[in-house]
């Protein structure tokens, strides 16, 4: 049975039915709704959504996308990804604590939720989950559970929540550059659909794909090295079968409509895990060059590698993720501008500390960019002889010529050495 054909229509029907039920929900949960006069300026709170916190979140997200998309060094990309996961986890935990203490206005809740989305959604397009690290896997599930619980509470309590309820009905947000009020019935139904859709994908991709037993065994795997090895062995044993199962599932879905022929390539493109280094090397050898073309300038090397990179699905997803991140950042800044006064960008101790925490990610990206266009160092001191008959002569080609034969080399760090 194809559960997606049942779940997606139910999500749409639930969101549409909720449009007619919000008034009754507000009567029971928010009996005292304060009317507001527009514009209603909210007092800035630099601890939760200050300029330093926002810049740190934006910087860390963009650096993480670049490293995951274009670098192949597993240790460095994992450390950057771990830092981003912990940042998003800290954001949602702080958001929940402040909300329970009723110290958070609706505006700051929306901005903090946007920051959380920025740390998750673009990266999810590039790499949906990191199953080989049980600790990060647990952190991912905890943050998603807290987010879903908080999102439900926010949707239900919008008209009367927070420290400044007199501005809730006038609080505005930005979606793709279009400004609108947060507490409208349409916006609440849209947010409800996002939460339901996210929950379904989480159950489908993570819990169901790898099995509930594997899902719950991630907790002891974080405490025991033996359990961790067994946890990773399970992934290695089921990786091929899981991919085959996905392809077969997509093949079965073709009979449900002609539009599925467009969906199937999209899923396969999304599931492609070929690294930038491997993808470029494969395509570079297809464009075999003669031995005498060993010297090309820096711009030609950059241009040719960029042309090859754009054909790698992982690099394509990284570009899409970067565009989405820029769009979400623009909407977040527009939301801040709509609700706060002109002196909203005040610096504090916590904001400077947040910026300092982004230095490792920025340094990794800087090192990656400094290697653009460099040739690899050939670390082979002996000769490799290839004997072939050419015009009656036996020739020998050194390893240096082989290294420059149409493939100028891609280091373990990513596109460039």
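Go through segment 120-164 and count every residue that is surrounded by fewer than 17 Cβ atoms within 10 Å (Cβ to Cβ), modelled with pLDDT of 75 or more and not in a helix (DSSP H, G or I).
Total meeting the criteria: 0.
crowded, with 16+ Cβ neighbours inside 10 Å, over 24 Å from the mean Cα position of the chain (by Cα) and at pLDDT below 80 - does that describe any residue in segment 192-206?
Within segment 192-206 (the criterion being crowded, with 16+ Cβ neighbours inside 10 Å, over 24 Å from the mean Cα position of the chain (by Cα) and at pLDDT below 80), the answer is no, since none of the residues qualifies.
Looking only at helices (runs of 4 or more DSSP H) that lie completely in segment 289-360, which have at least 1 residues being out of contact with any helix residue (DSSP H, G or I) (no Cβ under 7 Å at 6 or more places or on another chain), at pLDDT below 80 and over 24 Å from residue 60 (Cβ atoms)?
298-309
Test residue 94 against the criterion of being part of a helix (DSSP H, G or I), at pLDDT 75 or above and either under 28 Å from residue 213 (Cα atoms) or under 12 Å from the mean Cα position of the chain (by Cα) (or both), and give yes or no.
Criteria not met by residue 94.
When residue 210 is evaluated against the numbered criteria (1) surrounded by 17 or more Cβ atoms within 10 Å (Cβ to Cβ); (2) modelled with pLDDT under 80; (3) closer than 18 Å to residue 8 by Cβ, which criterion, by number, is the only one it fails?
(3)
The values are calculated or read from the model by the stated rules, or taken from the named source; none is laboratory data. Please read these numbers as outputs of a predicted model, since none were measured by experiment. As a convention, Cβ positions derive from the backbone with ideal geometry for all residues, glycine included, and neighbour counts pool all protein chains shown.
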